[in-house]
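Some notes on the structure that comes next.
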Amino acid sequence: MLTPRTIRVFANPRHGVPGVVVLPTAGFRRAKAEIMAWEGYAPTPLRDLPTWAEAAGVELIRMKDEATRFGLGSFKALGGAYAVANLLGEALARSGVARSVTSADLAAGRYRTTTEGMTVTCATDGNHGRSVAWGAKRFHCRCVIFVHETVNQPRVDAIAAYGADVRRVPGTYDDAVRAAAVQAEKEGWLVASDTSWPGYTEVPRDIMQGYRIMADEAADQWAGPPPTHVFVQGGVGGAAAAVSVHLRLRFNPVPKLIVVEPDRAACLLASAENDGLAAIGGDLDTIMAGLACGEPSLLAWEELGRSAAAFMAIPDESAAETVHILADQGIVAGESGVAGLAGCMLAATDPSARHVLGLSPESRALVFNTEGATGI
């Protein structure tokens, strides 16, 4: 179904090595209870893709479709807005305004005279910033979002539509992350970053706990024998790590997790090859804009470095082709959103990759469409 193209596949030699608990179950339960209570919450569909499975020579492929999540067009709605609510609640507690605050309290405007004087900030390639801006509007605070110079205007406009102040900075996504952190320190803003670094892990942990909901829903919706393989996109690794944690909770045996990245921004694959966190340089110019990251999240790597069975890098052309084929089938998806599906198809039709990943006619694959139309 997809045109054969060159891919890179690296089997993780540390797969299965014991490690620390990155996302405690209690934190997920809190996130799930809060987010499911939000107005507009509804599970997104799990779609069977029989023609794709036939072309891949596997038993089935099912796709969790996040394009309609909260009307924001991506799974990021589950994380950024939840982090905003937690940050505001913690700030209200520190200031002595309220000891315990729920997102429902914030949405109702119960503390808006105080929260309207607070500012949340982050860097984004598009989807995370939209979620943070949406959360800021919903929970009544100010919002400043940093984007790098190649983020397209439709993504910027979608963020600004929620009242955020969007600021462009030179360089890549990673440069925007640093710019947001520096300005937040100077201004006393609250940082809602979806990537983590030494000394900054709790907010990204909250965000990843929110992401687990899409995997939880997929497990609830799954019928028949469990998936054998899960292909999920990389980026800084937060979504992949969240899915990874939840696979162990919900499926037995645990499916093989394969992390898929653009071949121009494969920082997780590079880290696996390096046997430790590795940053990659260059302009990271890929149409999979949400995955154009040169530095992995520390927290995500603590999970993926031992839980991912393999890492893949795929070309832009395959993502674009996948978007067009899905569109012909009536499914709206963005280039970053289809990376997992594209990776699955490319691996399944490449004899070497198929062998490395253990794909067979009995394989059952779960993939995630993490975004809808991007405007590119």
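The trypsin sites (Lys or Arg not before Pro) of the stretch 270-376 include none that meets both criteria, a DSSP state outside H, G, I, E and B (loop) and at most 13 other C-beta atoms within 10 angstrom of the site's C-beta. Checking every one of the trypsin sites (Lys or Arg not before Pro) in the stretch 103-202 against DSSP loop status and a limit of 12 other Cβ atoms within 10 Å picks out no site at all. Phi angles across the stretch 180-190 convert, under the Karplus curve 6.51 cos²θ - 1.76 cosθ + 1.60 with θ = phi - 60°, into 3J(HN,Hα) values of 5, 5, 5, 5, 5, 5, 5, 9, x, 7, 9 Hz, Gly and Pro given as x. A cut-off of 5 Å between modelled amide H atoms, ignoring neighbours fewer than 5 places along the same chain, links LYS256 with HIS229, VAL230.
Starting from the Cα gyration tensor of the stretch 217-270, take the square roots of the eigenvalues, sort them a ≥ b ≥ c, and report rounded, prolate or oblate (rounded when a/c is under 1.5, otherwise prolate if a/b is larger than b/c, else oblate). Prolate is the answer for the stretch 217-270, as a/c is 1.5 or above and a/b outweighs b/c. Per-residue 3J(HN,Hα) values for the stretch 94-101, derived from phi via the Karplus relation 6.51 cos²θ - 1.76 cosθ + 1.60 with θ = phi - 60°, read 4, 7, x, 6, 7, 7, 9, 10 Hz in sequence order (x marks Gly and Pro). Here the 3J(HN,Hα) profile of the stretch 140-156, calculated from phi with Karplus coefficients 6.51, -1.76 and 1.60 at θ = phi - 60°, is 6, 9, 7, 8, 10, 10, 9, 10, 8, 5, 9, 5, 6, 5, x, 5, 4 Hz, Gly and Pro shown as x.
Comparing GLY80, GLY235, GLY57 in a Gaussian network model of the chain where C-alpha atoms under 10 Å apart are linked, the largest mean-square fluctuation is found at GLY57. Taking GluC sites (Glu not before Pro) as exposed when DSSP calls them loop and at most 14 other C-beta atoms lie within 10 angstrom, the chain has its longest site-free stretch at 150-361. In this Cβ point-charge picture (+1 for Lys and Arg, -1 for Asp and Glu), the chain has a dipole of about 1080 debye about its Cα centre. Candidate cross-link partners of LYS137 among the lysines, defined by an alpha-carbon separation under 18 Å and a same-chain spacing of 8 or more, comprise LYS76. Counted by neighbouring Cβ atoms within 10 Å, the residues ASP175, ASP328 run from fewest to most as ASP328, ASP175. The H on the amide N of ARG8, modeled in the peptide plane, is under 5 Å from the matching H of ALA313, each at least 5 residues off or on a different chain. Looking at the stretch 195-303, which trypsin sites (Lys or Arg not before Pro) are DSSP coil and have at most 14 other C-beta atoms within 10 Å of their C-beta? Taking the stretch 195-303 and a limit of 14 other Cβ atoms within 10 Å, no loop trypsin sites (Lys or Arg not before Pro) are found.
Between PHE28, PHE251, PHE231, where does the largest GNM mean-square fluctuation fall for the chain, given springs only between Cα atoms within less than 10 Å? Fluctuation is largest for PHE251.
For Rg and Dmax of the Cα atoms in Å, the value calculated from this model appears in (1) 22.3, 65; (2) 22.7, 81; (3) 19.4, 62 under label (3).
When only alpha carbons are used to place a centre, the stretch 291-326 and the stretch 59-119 end up 26 Å from one another.
Going by neighbour counts of Cβ atoms within 10 Å, the residues THR322, THR113 line up, fewest first, as THR113, THR322. Expressed as a fraction of 2.2 N^0.38 Å, the value expected for a compact globular protein of N residues, the C-alpha radius of gyration of the stretch 80-193 is 1.02. Here's how it looks for VAL166: its modeled amide H is under 5 Å from those of ILE145, which are all 5 or more places away or on a different chain. Calculate, in whole percent, how much of the Cα-Cα pair population of the stretch 89-150 lies beyond 15 Å. So the pairs more than 15 Å apart make up 51 percent of the total in the stretch 89-150.
For the chain, a Gaussian network of Cα nodes joined below 10 Å ranks CYS267, CYS141, CYS344 by mean-square fluctuation, and the top entry is CYS141.
A short reminder: the numbers here are calculations on the coordinates, not readings from a lab. On a predicted model such as this, the values are computed, not experimentally measured, just so you know. Here Cβ is always computed from backbone atoms with ideal geometry, including for glycine, and neighbour counts include all displayed protein chains.
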